[in-house]
Amino acid sequence: MSRVYNFSAGPAVLPEEVLKEAAEEMLDYKGSGMSVMEMSHRSKVYDNIIKTAEKDLRELMGIPDNYKVLFLQGGASQQFAMIPMNLMKNKVADYIVTGQWAKKAFQEASKYGKANKIASSEDKTFSYIPDCSDLPISDDADYVYICENNTIYGTKFKELPNTKGKTLVADVSSCFLSEPVDVTKYGIIYGGVQKNIGPAGVVIVIIREDLVTEDVLPGTPTMLQYKTHVDAESLYNTPPAYGIYICGKVFKWIKDMGGLEVMKQKNEEKAKILYDFLDSSKLFKGTVLPKDRSLMNVPFVTGNEELDAKFVKEATDAGFVNLKGHRTVGGMRASIYNAMPKEGVEKLVEFMKKFEEENA
Ligand SMILES: *Cc1c(COP(=O)(O)O)cnc(C)c1O
């Protein structure tokens, strides 16, 4: 067996300890005589798995009792519709558009009401986060929406926008559990887990109780109402049971490591190694305004498309895979999520140095 350093933006690297444990439990989960994949989601054994996962997540993030935790399907993209369907009571929402994912969410919301683009960084290919300290928030906005970490462009909100008292909704798919978070600042925090937490197929939604109502847009399907899933504790229908089980293992892995403070320290150390190199390199350049740089997704270029392609190919051959930038931006992108070991980043930088010398 040989494992590569996987810099994919998602689905992405998972902790090796978690994968090994799952492999050991594959045929017989804790004496049940079956795999978690084969288990009824209504069984006692599974109930313990999903309840423990929720409990551990609540502990890790310090989620207050007046927030519900949901394990749903449909990916982050389904939330682009579910959010306006459930929250647009006045049919007005304000969107801060800092990348493709925020833009998609904005476009989807426009189908259900008046979505206002109150700020954007599209003028400079989403390479920065706009000043959000005094935006023209609509008086009747049902919520203000952000994508907190922009997976494709490598920017992150270091400070949350001033929503002037309106409910904040955040897509945290690519920075979920990467650092401590004050849940009380948000109405909804949600994310697909395939970036930083688990296998594709699960989306986690953390929602403040008062936002869970029957007062949704007419025609909203039962499956797309938060209340359906809150009332049934994520077991209205068959949940993505195996995926939730793996998420639960990743929560334990983070807890064992010391929690989100420690995770943040580790992520800052890793990101610094790469950004320091990019700032000193004559060949490679980071593409993001330094103050807005993400700890998770690090895009960079050589300035020469052929050289970019040569780098990606040689890196792949050397065991550093999925470094090609998003198809809409080109260049390279190293995603260095929680489960990427520091050693992986150090070795990548060594490889980049060598490539720079050879191609000077
Ligand atoms: C990957 C990603 C999405 C889309 O996730 P799906 O689960 O594929 O729908 C949305 N938002 C962000 C920030 C992402 O990184």
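The values are calculated or read from the model by the stated rules, or taken from the named source; none is laboratory data. Computed from a predicted structure; not experimentally measured. Heads up, the Cβs are rebuilt from the backbone with ideal geometry, glycines too, and the neighbour counts pull from every protein chain shown.
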Please work out if Phe80 is on the phi > 0 side of the Ramachandran plot, within 16 Å of the ligand (Cβ to nearest atom) and crowded, with 21+ Cβ neighbours inside 10 Å. no
Among residues of the stretch 166-199, those that are within 10 Å of the ligand (Cβ to nearest atom), under 18 Å from Asp292 (Cβ atoms), part of a loop (DSSP other than H, G, I, E, B) and touching a helix residue (DSSP H, G or I) at 6+ places or on another chain (Cβ under 8 Å), counted: 1
Which residues, taken from the stretch 302-360, are charged (D, E, K, R), in contact (Cβ under 8 Å) with a residue 60 or more places away in the chain and either more than 30 Å from Lys252 (Cα to Cα) or in a loop (DSSP other than H, G, I, E, B) (or both)? Lys353, Glu356
Quick one: Leu278 ticks every box in (1) closer than 30 Å to Phe251 by Cα; (2) in a helix (DSSP H, G or I); (3) touching a Lys or Arg at 6+ places or on another chain (Cβ under 8 Å) except a single one, so which number is it? (1)
So in the stretch 138-155, with the set limited to residues that are within 12 Å of the ligand (Cβ to nearest atom) and under 11 Å from Tyr95 (Cβ atoms), which one is nearest to the chain's Cα centre (by Cα)? Cys147
Could you list, in sequence order, all residues of the stretch 215-269 that are closer than 17 Å to Val69 by Cβ, of a type in the set (A, V, I, L, M) and buried (at least 17 other Cβ atoms within 10 Å of the Cβ)? Val230, Ala241, Ile244, Ile246, Val250, Ile254, Leu260
When you scan the stretch 200-221, how many residues do you find that are within 9 Å of the ligand (Cβ to nearest atom) and basic (Lys, Arg)? 0
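Quick one: how many residues across the stretch 100-133 are closer than 27 Å to Thr220 by Cβ and within 16 Å of the ligand (Cβ to nearest atom)?
10
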Checked against (1) away from the ligand (no atom under 16 Å from the Cβ); (2) outside any helix (DSSP H, G or I), Asn86 satisfies every condition except (2)
Sort out which residues of the stretch 60-77 are surrounded by 18 or more Cβ atoms within 10 Å (Cβ to Cβ) and within 16 Å of the ligand (Cβ to nearest atom), and write them in order of number. Leu70, Phe71, Leu72, Ala76
Restricted to the stretch 48-83 and to residues being free of Cβ contacts under 8 Å to residues at least 12 places away in the same chain and assigned to a helix (DSSP H, G or I), the residue farthest from Ile246 (Cα to Cα) is Arg58
Looking at Thr287, Thr316, Thr328 in this structure, which one is farther than 30 Å from Lys51 by Cα, buried (at least 16 other Cβ atoms within 10 Å of the Cβ) and among the polar types (S, T, N, Q)? Thr287
Pair list, Cβ < 6 Å and 6+ apart or interchain, from the stretch 84-113 residues that are aliphatic (A, V, I, L, M) to residues that are within 13 Å of the ligand (Cβ to nearest atom): Ile96/Ile146; Val97/Lys103; Val97/Phe106; Ala102/Cys147; Ala105/Phe80
Pairing a residue in the stretch 208-236 that is part of a helix (DSSP H, G or I) with any residue that is among the charged types (D, E, K, R), where Cβ atoms lie under 7 Å and the two sit 6 or more apart in sequence or on different chains, gives Glu209/Lys68; Lys227/Glu214; Val230/Lys68
Just to be sure, is Val69 in contact with a strand residue (DSSP E or B) (Cβ under 8 Å, 6 or more places away or on another chain), of a type in the set (Val, Ile, Thr) and either farther than 20 Å from Pro199 by Cβ or assigned by TED's automatic domain parsing to the domain that holds Thr184 (or both)? yes
Provide a single number: the residues in the stretch 2-17 that are over 19 Å from the mean Cα position of the chain (by Cα) and over 14 Å from Lys270 (Cβ atoms). 5
Confirm whether Ser32 is hydroxyl-bearing (Ser, Thr, Tyr), under 30 Å from Ile152 (Cα atoms) and in contact (Cβ under 8 Å) with a residue 12 or more places away in the chain. no
Condition first: surrounded by 24 or more Cβ atoms within 10 Å (Cβ to Cβ), part of a loop (DSSP other than H, G, I, E, B) and touching a helix residue (DSSP H, G or I) at 6+ places or on another chain (Cβ under 9 Å). Now tell me which residues in the stretch 146-163 satisfy that. Thr151, Tyr153, Gly154
Could you please find all residues in the stretch 1-59 being within 16 Å of the ligand (Cβ to nearest atom), hydrophobic (A, V, I, L, M, F, W, C) and under 24 Å from Pro180 (Cβ atoms)? Ala9, Ala12, Val13, Leu14
